Amino acid sequence: MLLYMVVSSHMEYCQMVDFRQMIEISAGCKRLYFGHETCEQLLPAFDDIQDLLETAEKHQLNLSFVTPFLTERGMDKAIFFLEKLTCMKLNSFEIVSSDWGLLHYIANNYAGTPVAGRLLTGQQVDFRLLEQKNKSTEQIVFLNGFYYRLAQKKMAPAFTEHISSSTLLKNKTMDLFSRSGITRFELSNVIQPIILPNNPVRRYSLHVPFVPLTIFRTCPENTNFNHLKKDCNISNCNHNRLKWQFDAKKRVLYCFDNALYYYNPNFDDHLQQCSLIDRIVIHAGAV
């Protein structure tokens, strides 16, 4: 799977890497994202990232530590990890978190620069939302022995605006982010347009090419997502990467660890429409 990269002088290119695997740095990469955005069991311990720290120092790369929603146990693990990293006095170190509690801790303990993870930005992620083309069509249906002409009207502008919105447009939510000192927000490369508030202080990162649809409590054993692993921890993680064709249209979803994603490699339109997006985050295995 290849991504078409738009060359821009103001754009910062980053990689989301798996600390459990060998790290290959792409040309032009300026920052490494590491950790895990959906599973707290797969957050690293400090000893797990020594090779990553050496790679970052060798290539002069900045670091962003990523966390998902956290339980109390996960919060303790993340805070202990951050306390060790803070002692290293890393330059431009970020904590990208989708957990309100950890963001509050960071803001009050100056453990790094807090960033709102993409699970907190509240985008509409159902890729079927734009299946109805933006034009009027007709379809013949057979019902109760009769044929009917079914008119499909074009999508209303209000609906297009609704599915393109997010919690970033809600003043109360943004006030809460501001009180935590958060000025950067992570976005998914959703298939519909993205509407962002026109605030020059805020900056946005676009994650490509996978868009998270849902998160499981634990990893599924196979493509039967009703059967989840009962005993789940980092020692027996099977690192599943599953492809699932789920209907007659042959649409494919991807299951990585405990989350389900759809694939959208096209992001030119988002960059042209949203000048405040100044960072692209490419996930491992995407190129």
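Tabulated values for the structure
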quantity: Condition broken by residue 65, with the remaining ones in (1) under 20 Å from residue 216 (Cα atoms); (2) crowded, with 20+ Cβ neighbours inside 10 Å satisfied; calculated: (1)
quantity: Residue satisfying condition, being acidic (Asp, Glu), crowded, with 16+ Cβ neighbours inside 10 Å and either at pLDDT 90 or above or within 24 Å of residue 217 (Cβ to Cβ) (or both), within set 51, 99; calculated: 99
quantity: Residue match in region 64-72 (condition: touching a residue at least 40 places away in the same chain (Cβ under 8 Å) and hydroxyl-bearing (Ser, Thr, Tyr)); calculated: yes
quantity: Selected residue (criterion: surrounded by the most Cβ atoms within 10 Å (Cβ to Cβ)) from residues of region 200-214 that are assigned to a loop (DSSP other than H, G, I, E, B) and touching a Ser or Thr at 6+ places or on another chain (Cβ under 9 Å); calculated: 202
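Table: residues versus (1) modelled with pLDDT under 90; (2) assigned to a helix (DSSP H, G or I).
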site	(1), (2)
21	yes, no
31	no, no
77	no, yes
82	no, yes
85	yes, yes
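The values are calculated or read from the model by the stated rules, or taken from the named source; none is laboratory data. Since the structure is predicted, the reported quantities are computational estimates derived from the model, not experimental observations. Counting neighbours? That spans all protein chains shown, and the Cβs are built from the backbone with ideal geometry, glycine included.
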